[in-house]
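J.: Could you have a look at this structure, given as structure tokens, before my questions?
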Amino acid sequence: QVQLVESGGGLVQFGGSLTLSCAASMKEFNAYAMAWYRQAPEKQRELVAEISSAGTTMYTDSVEGRFIISRDNAKTTVSLQMNELKPEDTAVYYCNARFGTRYYWGQGTQVTVSS
């Protein structure tokens, strides 16, 4: 059973920084594309950032230049460094792993940015 466990969420002031981490349990971690999604209250879950198995990254426009996604295949972790945080970044952030038809989610971690 694959497990994704997020950590690092919390309360931060406008303009501050947080780093989220996701620890993955699958042995073939380096074959998975990893991503961070977020869901704000009464909004749909949206893709924030993704990193492919080859290390290629992509970001949604609203976080481009502020967030950095990275992975450590040796430690089977993926991180999201979030800088210049804004109140609109407030959401539950979910770690996601994808390989072919295999799709896994973490339980989520709350990020709250105060104005």
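The values are calculated or read from the model by the stated rules, or taken from the named source; none is laboratory data. Computed from a predicted model, the values in this text were never measured in an experiment. Positions of Cβ are generated from backbone atoms using ideal geometry, with glycine treated the same way; all protein chains shown enter the neighbour counts. Note: accessible area is taken over every heavy atom of the protein model, side chains too, but ligands, DNA and RNA are not part of it. Shrake-Rupley method; radii C 1.70, N 1.55, O 1.52, S 1.80 Å.
J.: Accessible area per residue of the chain at 1.4 Å probe, in Å²?
T.: So the chain comes to 54 Å² accessible per residue, rounded to a whole number.
J.: So how strong a dipole does the range 1-51 carry about its Cα centre when Lys and Arg Cβ are +1 and Asp and Glu Cβ are -1, to the nearest 20 debye?
T.: The dipole of the range 1-51 has a size of about 40 debye.
J.: Would you please name the GluC sites (Glu not before Pro) within the range 1-99 that are DSSP coil residues with at most 15 other C-beta atoms within 10 Å of their C-beta?
T.: 28, 42, 64, 84
J.: While we're looking at this one, here's another question. Treat every Asp and Glu Cβ in the chain as -1 and every Lys and Arg Cβ as +1, leave all other atoms uncharged, and give the resulting dipole magnitude about the Cα centre to the nearest 20 debye.
T.: 320 debye
J.: Would you mind telling me which residue in 23, 35, 97 has the biggest mean-square fluctuation in a Gaussian network model of the chain, where springs connect alpha carbons within a distance under 10 angstrom?
T.: 23
J.: Let me ask you something else. Compute the signed sum of charges (Lys and Arg +1, Asp and Glu -1) over the other residues within less than 14 Å, Cβ to Cβ, of residue 62.
T.: With Lys, Arg at +1 and Asp, Glu at -1, the net is -2.
J.: Something else now. Which residue, 70, 29, 48, has the largest displacement toward the positive end of the dipole of the chain when charges sit on each Cβ (Lys, Arg +1; Asp, Glu -1)?
T.: Of the options given, the answer is 29.
J.: How high is the relative contact order of the range 15-78? Use alpha-carbon pairs under 8 Å, at least six apart in sequence, and give a whole percent.
T.: Normalised by residue count, the contact order of the range 15-78 is 33 percent.
J.: Build a GNM of the chain with springs between Cα atoms under 10 Å: which of 60, 77, 90 gets the top mean-square fluctuation?
T.: 60
J.: Show which lysines lie in cross-link reach of residue 43 when reach means a straight Cα distance below 29 angstrom and same-chain residues fewer than eight apart are skipped.
T.: Correct list for residue 43: 86.
J.: I would also like to ask the following. Could you tell me which chymotrypsin sites (Phe, Trp or Tyr not before Pro) in the range 43-115 are loop residues by DSSP with no more than 16 other beta carbons within 10 angstrom of their beta carbon?
T.: none
J.: For the chain, which span is the longest to avoid every loop-located (per DSSP) member of trypsin sites (Lys or Arg not before Pro) having at most 16 other Cβ atoms inside 10 Å?
T.: Result, exposed sites excluded: 76-115.
J.: Among DSSP bridges having both ends in the chain, what percentage is antiparallel? Round to the nearest 5.
T.: Antiparallel bridges make up about 90 percent of those DSSP assigns within the chain.
J.: Further question on the same structure: First compute the accessible area of the chain with a 1.4 Å probe, then give the percent of it belonging to carbon and sulfur atoms.
T.: So the carbon and sulfur contribution to the accessible surface is 47 percent.
J.: Here is a follow-up. Restricting to Cα pairs below 8 Å that are 6+ residues apart, what does the relative contact order work out to for the chain? Please round to a whole percent.
T.: Relative contact order here is 36 percent.
J.: Then there is this: Taking square-rooted eigenvalues a ≥ b ≥ c of the alpha carbon gyration tensor, is the range 1-63 rounded, prolate or oblate, where a/c under 1.5 means rounded and, failing that, a/b exceeding b/c means prolate?
T.: prolate
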